[in-house]
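Peer 1: One structure is given below, represented as structure tokens, and several questions about it will come after.
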Amino acid sequence: MSDAVSSSTISVDVAVVGAGPAGLAAAVAAAEAGARVAVVDAGAQPGGQFWRHARETVQPEAADDQPDGHGHHGWSTYLDLRARFDAAQRAGRITYLPGLQVWMAEPGFTLHTTPAVASSGTVPATVTASRLVLCPGGYDRQLPVPGWELPGVMAAGGIQAFIKANGVLPGKRFVIAGTGPFLLPVAAGIAEAGGKVLAVLESSAPSAWLPHLAAASGVPGKALEGAEYAALFARHRIPYRTRSIVTEVLGSGRAEGVRTAKVDAEGRVRPGTGRAYTDVDVVGFGWGFTPQMELPVSLGVDTRIDADGSLVGVVDERQQSSVPGLFLAGEVTGVGGATLAVLEGLAAGAAAARPDSTTPVKQPAAITRHRRFAQAMHQAHPVPAAWPDWLTPDTTVCRCEEVTAGEITEARDNLGARDARSLKSFTRAGMGWCQGRVCGFAAACLGAGPGEAPDAGSLAGSAKRPLAAPVAIGELAALD
Amino acid sequence: MNFGNGPRGSDVLVMGAGVIGAATAYFAAQQGLSVTVLDKGLPAGGTSSACEGNILVSDKELGPELELTRYSLGVWHNDLAEHKKLWEFESKGGIIVASRESSLASLNRVMAVQQGFGVDVEELDQAALREAEPHISREALGGASYREDCQVQPMLVAAHLVRLATEAGARFIADTPVTAFLRSGPGRSVSGRDGGRVTGVRTPRGDFPAGAVVNCTGTWAGELAALAGVEVPVLPRRGFVMVTEPLPPMVHHKVYAAEYIDNVGSSDAGLQASPVVEGTPSGTILIGSTRERVGFDRTVSTAALGLLARNATALFPFLERVKAIRHYHGFRPYCPDHLPVIGHDDRAPGLWHAAGHEGAGIGLSAGTGKLLAQALAGLTPDMDLTPFAPARFGESGAHTSAHREEATA
Ligand SMILES: Cc1cc2nc3c(=O)[nH]c(=O)nc-3n(C[C@H](O)[C@H](O)[C@H](O)COP(=O)(O)OP(=O)(O)OC[C@H]3O[C@@H](n4cnc5c(N)ncnc54)[C@H](O)[C@@H]3O)c2cc1C
Ligand SMILES: Cc1cc2nc3c(=O)[nH]c(=O)nc-3n(C[C@H](O)[C@H](O)[C@H](O)COP(=O)(O)OP(=O)(O)OC[C@H]3O[C@@H](n4cnc5c(N)ncnc54)[C@H](O)[C@@H]3O)c2cc1C
């Protein structure tokens, strides 16, 4: 028999999963509206991806004194939310459960948790609540390229998280590649921490109109951010090359260099534009974000494909999903950044606290503006349609199970596989440790065939992970 | 692969591209028959993609199912030998472990019966058991080793058999659900008991006339039979399977608890589980499986997960600290008498069935397909199919409420 630690059950009005920008805001709004709230978060301290910071050694109120707060955009928003979060905790309105991962959400709602990988000391708790706000955020979207399985290749966000959490760099000389505005803060963070960024390769050609667009769509803060990065890039002499990609990561045993090329608007390599960077320690890739959809999908929410090709949950003006009592906020409703995540969290938390309220809700204008801006961003930074052309038949697509592009196209062409699910069945792509979190999008694209984008069904199939997090069998043995 | 559409007649029309339909199509094509396979989705979209790929002798008691299992094993090893690699065929052997005196006694009883029937089974004392499976629980009293037990990757079996069938001239059409049967005879068009001979099927892509229509739709077989006005009582029996993180090899055989045997044949509706623990080539460990009759309920059952976990850790205590990364569930197609339905349905001439293989359809597919193909080709099957005859469900079948669809062909 198992000697698993016995878990406690906590019953509240509103349960919130995630303590990033969206989850913190949702918890605060729900608590301030009078609800009893529980917040489950895998992190050891609040902040999520965006406000990830070094381990707090002092009282949170003094967090602004820490060097770590410096350089975080919206840090004052964090401090404000954090102060309100802590006050609600002290008042007994918020039960905060850090270091726990929800591995299963049952309808109605019951959350089953397990200690997060880095927090093996925590004791799992079961949370029941009549309303649930899911704010699980997202992670870097990856596309395979020859050599990307070599050590030294990281997700761009992984590099940033590494720096934010540890205060040191994972290497000295970096190449950052992919698409989207997020490549900028990653490169900036590396430079600020003393690393050398040899190049930032952006596959699109977002022209000078982007800052104007930011202003025009009513999000002037974004224009300011852009200008700051431009100055920082100039100061650190970081080359920013548009319409450029990494075509191959070079190295034996680990990443040592990259081959790059210019591409056309579709992402097709332009002959004769190849060049190489040698003496590289770390290659960071980021192709936008993949919202973490396993919990919403497992509870059966309606989904759609967003402008960036990601599967996201459909919500109404209260942030309520198609499942009554289930609210979504942050990246799972569409990748849109931290400011939008906070706005959505506030709306979701308030609505979840008063589910029976019949007063018609008008979506805050700021949410509309930020969504519009996010859509424009996605359109300016598409995943290049021709990316599968960069692969050779022996390029690894699923790193966990070592499945190659050739095996995938063969399953598609000869066995009739055409979506993430059938590819998984026939090739094992997505069956390994990460359960398709890394290769799911790429496999879905390859399954759809040349020039085709994966549909919602295929992406939902790849987001279907009945265990939202790994959980020890000894813990499962305690279930009845 | 041929995904073209448009109606065309054939000798045999196979409904369903799970392992059973795929094997039937493959062997029918080998018999020189012209074959069309239709599925409402892709190959292996049903139970065949939500199971384990065990080909077991060890869990069968004396009777027609054991006979079919052994026949099928021969087909896997001989007729399909050249394709073994395609579906990751592995002869790893099974071990049944008894942890209680009472289960050791029933294990010995079963072993004796099986030995009498020629099954390759060897008794393992505690020391031999520990040598075969060093991480087995200290509580284990003894066991039995079944060298004939083997495994395949079921999704690859279905997909490749369909592909091989098409290479032998068969045609496969995906996304084509059968909605009604074409009938000859009185009225020529009525779908139902008195509709005369089954002469083909109707689908949203048009009609497909055929000399013989084979119902290989697994848990849907009862529904399809009802469209022809006959009863084939195939019901779903849900099963959960759990998958661990990848590990270095710790479990070397398929390892079952002796209680497995008692469970398999039981009709009890309640939740049951006996551990079937096995390592896979990729390092993950599969922990199967529960059995319960809850219709087609897809809600995740924490009770089922708990039971699987407790049983698995009782067999292999090291699993307690190992992480599960996934679980899945499927619905075994079973008949009340726990025997599959294989053969011509005299109640609806022209209609054949191969369904209801419950928890053994993967293993039994090769034999089922070959025998049925022989019968379809007008030959005498290598093995008597009478015990599996659809007619055993009697005339009462006439009273099922069938959808009455008009077909004009
Ligand atoms: C690595 C990374 C770096 C980023 N850096 C920047 C940047 O520099 N600039 C920028 O503008 N945007 C950045 N972004 C995007 C930005 O973080 C998001 O827009 C914003 O954080 C979204 O907020 P959120 O609350 O939806 O999600 P998150 O901030 O991701 O918060 C989600 C929280 O939920 C927790 N969680 C998820 N699943 C579970 C579960 N099953 N159980 C328990 N807890 C769970 C996570 O641990 C996390 O704490 C980054 C994103 C990532 C992934
Ligand atoms: C948890 C679990 C573990 C198992 N483990 C094992 C094991 O280890 N070894 C073993 O031998 N067996 C095992 N089984 C049993 C085995 O999976 C089944 O017996 C077998 O898959 C049945 O195959 P099938 O082809 O009859 O059905 P299915 O695979 O379900 O195929 C039926 C097909 O019919 C199609 N269909 C349905 N309706 C229509 C229509 N109207 N028109 C056209 N097509 C239609 C479906 O789309 C489907 O593809 C297990 C089962 C479960 C649930």
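Peer 1: Could you tell me which residue of region A:11-29 is farthest from ligand 2 (Cβ to nearest atom), considering only residues that are part of a helix (DSSP H, G or I) and within 14 Å of A:V127 (Cβ to Cβ)?
Peer 2: Among those residues, the one meeting the criterion is A:A27.
Peer 1: Need a quick list: strands (runs of 3 or more DSSP E) entirely within region B:46-165 having at least 3 residues that are without any contact (Cβ under 8 Å) to a residue 40 or more places away in the chain.
Peer 2: Of the strands (runs of 3 or more DSSP E) lying wholly inside region B:46-165, those with at least 3 residues that are without any contact (Cβ under 8 Å) to a residue 40 or more places away in the chain span B:121-124.
Peer 1: Sticking with this structure for a sec: Determine whether B:S137 is touching a helix residue (DSSP H, G or I) at 6+ places or on another chain (Cβ under 7 Å), polar (S, T, N, Q) and more than 13 Å from ligand 2 (Cβ to nearest atom).
Peer 2: In short, yes.
Peer 1: Would you say A:F426 is crowded, with 16+ Cβ neighbours inside 10 Å and at pLDDT 90 or above?
Peer 2: Against the criterion (crowded, with 16+ Cβ neighbours inside 10 Å and at pLDDT 90 or above), A:F426 qualifies.
Peer 1: While we're looking at this one, here's another question. Scan region A:351-376 for residues that are assigned to a loop (DSSP other than H, G, I, E, B) and more than 26 Å from the chain's Cα centre (by Cα) and report the count.
Peer 2: 9
Peer 1: More than 14 Å from chain A (Cβ to nearest Cβ), within 14 Å of ligand 2 (Cβ to nearest atom), assigned to a loop (DSSP other than H, G, I, E, B) and touching a residue at least 24 places away in the same chain (Cβ under 8 Å) - does that describe any residue in region B:362-385?
Peer 2: Among the residues of region B:362-385, not one is more than 14 Å from chain A (Cβ to nearest Cβ), within 14 Å of ligand 2 (Cβ to nearest atom), assigned to a loop (DSSP other than H, G, I, E, B) and touching a residue at least 24 places away in the same chain (Cβ under 8 Å), which makes the answer no.
Peer 1: Which of the numbered conditions does A:H53 fail, given that it passes all the others? Conditions: (1) buried (at least 19 other Cβ atoms within 10 Å of the Cβ); (2) modelled with pLDDT of 80 or more.
Peer 2: Only one criterion is unmet by A:H53, namely (2).
Peer 1: What pairs come up if the first residue lies in region A:398-421 and is more than 8 Å from chain B (Cβ to nearest Cβ), the second is charged (D, E, K, R) and open to solvent by 70 Å² or more (accessible area, probe 1.4 Å), and their beta carbons are under 6 Å apart, counting only those six or more places apart or on different chains?
Peer 2: Here the result reads A:R399/A:E149; A:T404/A:D394, each pair linking region A:398-421 to a residue that is charged (D, E, K, R) and open to solvent by 70 Å² or more (accessible area, probe 1.4 Å).
Peer 1: All but one of (1) crowded, with 22+ Cβ neighbours inside 10 Å; (2) over 20 Å from the mean Cα position of the chain (by Cα); (3) modelled with pLDDT of 90 or more hold for A:T404; state the number of the condition that does not hold.
Peer 2: Exception for A:T404: condition (1).
Peer 1: Could you count how many residues in region A:422-431 are in a loop (DSSP other than H, G, I, E, B) and within 8 Å of chain B (Cβ to nearest Cβ)?
Peer 2: Going through region A:422-431 one residue at a time, the tally reaches 2.
Peer 1: Okay, next question. Determine, yes or no, whether A:V332 is buried (at least 16 other Cβ atoms within 10 Å of the Cβ) and part of a helix (DSSP H, G or I).
Peer 2: Considered against the rule, which asks whether it is buried (at least 16 other Cβ atoms within 10 Å of the Cβ) and part of a helix (DSSP H, G or I), A:V332 comes out as yes.
Peer 1: Being more than 18 Å from the chain's Cα centre (by Cα) and either at pLDDT 95 or above or buried (at least 24 other Cβ atoms within 10 Å of the Cβ) (or both) is true for just one of A:L446, A:L459. Which residue is that?
Peer 2: None of the others qualify; the one that does is A:L446.
Peer 1: Restricting the search to region A:239-269, which residues are open to solvent by less than 30 Å² (accessible area, probe 1.4 Å) and over 30 Å from A:A307 (Cβ atoms)?
Peer 2: Answer for region A:239-269, where residues must be open to solvent by less than 30 Å² (accessible area, probe 1.4 Å) and over 30 Å from A:A307 (Cβ atoms): A:A255, A:G257.
Peer 1: Residues being assigned to a loop (DSSP other than H, G, I, E, B), touching a residue at least 12 places away in the same chain (Cβ under 8 Å) and more than 7 Å from chain B (Cβ to nearest Cβ): count how many of those fall in region A:432-464.
Peer 2: Qualifying residue count, region A:432-464: 12.
Peer 1: In this structure, does A:E475 turn out to be among the charged types (D, E, K, R), more than 23 Å from B:T47 (Cβ to Cβ), in contact (Cβ under 8 Å) with a residue 60 or more places away in the chain and more than 7 Å from chain B (Cβ to nearest Cβ)?
Peer 2: Numbers: among the charged types (D, E, K, R): yes; more than 23 Å from B:T47 (Cβ to Cβ): yes; in contact (Cβ under 8 Å) with a residue 60 or more places away in the chain: yes; more than 7 Å from chain B (Cβ to nearest Cβ): yes.
Against the criterion (among the charged types (D, E, K, R), more than 23 Å from B:T47 (Cβ to Cβ), in contact (Cβ under 8 Å) with a residue 60 or more places away in the chain and more than 7 Å from chain B (Cβ to nearest Cβ)), A:E475 qualifies.
Peer 1: While we're here: Can you tell me which of (1) out of contact with any Ser or Thr (no Cβ under 9 Å at 6 or more places or on another chain); (2) closer than 29 Å to A:Q101 by Cα; (3) crowded, with 24+ Cβ neighbours inside 10 Å is the one B:V341 doesn't meet?
Peer 2: Of (1) out of contact with any Ser or Thr (no Cβ under 9 Å at 6 or more places or on another chain); (2) closer than 29 Å to A:Q101 by Cα; (3) crowded, with 24+ Cβ neighbours inside 10 Å, only one is false for B:V341: (2).
Peer 1: Of the residues that sit in region B:34-62 and are surrounded by fewer than 21 Cβ atoms within 10 Å (Cβ to Cβ) and more than 6 Å from ligand 2 (Cβ to nearest atom), which one is farthest from the other protein chains (Cβ to nearest Cβ)?
Peer 2: B:L62
Peer 1: Right, another one. For region A:270-290, name all the residues that are open to solvent by 70 Å² or more (accessible area, probe 1.4 Å) and either acidic (D, E) or more than 19 Å from A:I238 (Cα to Cα) (or both).
Peer 2: A:R270, A:P271, A:G272, A:D279
Peer 1: Name, by its number, the condition in (1) within 14 Å of chain A (Cβ to nearest Cβ); (2) surrounded by 15 or more Cβ atoms within 10 Å (Cβ to Cβ) that does not hold for B:L107.
Peer 2: Every condition holds for B:L107 apart from (1).
The values are calculated or read from the model by the stated rules, or taken from the named source; none is laboratory data. This structure is a prediction, so every number in the text was calculated from the model and none was measured. Quick reminder, even Gly has a Cβ in these numbers, built from the backbone with ideal geometry, and neighbours come from all protein chains shown. The area values use the complete protein model at the heavy-atom level, side chains included, leaving out ligands, DNA and RNA. Shrake-Rupley method; radii C 1.70, N 1.55, O 1.52, S 1.80 Å.
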